[in-house]
Amino acid sequence: MTGYAALDMPKTKMQGTGSREQGKAYMVIDELDKKIIQLIQGDLPLDPRPFAILAGTIGISEEEFVNRVKSLKRRKVIRRFGATLKHQEAGFNANAMVAWKVPEGRIDEAGKAMARFREVTHCYQRRTEKDWVYNLYTMIHGDNKEECQRTARKLSEATGISEYALLFSEKEFKKTSMEYF
């Protein structure tokens with residue numbers, strides 16, 4: 001599994017001195033923060049306590065490591081923290097991005113309902129375009145294409161959203177997170 005930290009790097013003074021441009025609040029990121037950011041943007045150990053292992057590599061406790069990550073998030077240095085599933089390594093042979101056409105007034109309701117499904121790993125809204133009417137997207141995984149199609153039908157039945165398109169992955173060329181240090 002690959003960890004990622006979506007960083008708010010342009011708004012942050014990294015050297016520890018100076019101020020933000022245009023009157024924005026100043027924020028210090030010390031060397032330990034930088035080491036933690038480096039670790040959480042890479043692969044996470046496949047262990048029940050991955051942060052304990054990462055903390056050990058830089059000589060701090062698991063508790064301090066987790067508290068530092070929370071502090072980075074609270075200070076908005078990190079916008080979000082998540083993990084990217086390498087679905088083939090996890091035993092899933094098929095995946096599909098399902099593009100849904102959802103009435104604007106039902107986006108939140110449908111998105112929250114779809115996000116509750118175990119088979120859904122990503123669920124997000126995007127604007128429609130002139131030639132593309134879909135505005136809600138889910139990534140689903142399964143043993144095969146038929147299982148993904150069954151999951152899409154379950155999502156459709158659960159939400160009453162019947163207009164959708166399944167976009168199956170054919171070949172993966174790259175799957176990485178941004179690296180900042």
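Placing a pseudo-label 7 Å from each Cα along the Cα-to-Cβ vector at K70 and E129 gives an inter-label distance of 4.2 nm. Within segment 94-168, all pairs of alpha-carbon atoms sorted by distance into 10 Å bins from zero give the percentages 21, 59, 19, 1. Cross-linked pairs K34/K171; K70/K145; K70/K174; K34/K112; K112/K145: Cα-Cα separations exceed 31 Å for K34/K171; K70/K145; K34/K112. The aspartates and glutamates whose alpha-carbon is closer than 17 Å to the alpha-carbon of K130, local same-chain residues fewer than 8 away aside, are E104, E163.
Loop-only GluC sites (Glu not before Pro) in segment 89-130, please: DSSP not H, G, I, E or B, and at most 10 other Cβ atoms within 10 Å.
Details: sites: E89, E104, E109, E119, E129; in loops: E89, E119.
Loop-located and lightly packed - E89.
Candidate cross-link partners of K73 among the aspartates and glutamates, defined by an alpha-carbon separation under 16 Å and a same-chain spacing of 8 or more, comprise D8, D30, D33, E63, E64.
Between I58 and F81, the simple spin-label model (points 7 angstrom out along Cα→Cβ) gives 1.0 nm.
What FRET efficiency, computed as 1/(1 + (r/R0)^6) with R0 = 22 Å and r the Cβ-Cβ distance, is obtained for E157 and R116, rounded to the nearest 0.05? All intermediate terms of the calculation are to be shown ahead of the outcome.
Numbers: r = 14 Å, r/R0 = 0.63.
Using R0 = 22 Å, I get an efficiency of 0.95.
Placing R0 at 22 angstrom, the Cβ-Cβ distance between L166 and D108 gives a FRET efficiency of 0.45 after rounding to 0.05.
Taking a Cβ cut-off of under 14 Å around L155, the surrounding Lys, Arg, Asp and Glu residues balance to a net charge of +3, with basic ones at +1 and acidic ones at -1.
Coordinate-derived values only; no laboratory data. In this text, all values refer to a predicted model and were calculated from it rather than measured experimentally. Every residue, glycine as well, gets a Cβ built from its backbone with ideal geometry; the counts of neighbours run over all protein chains shown.
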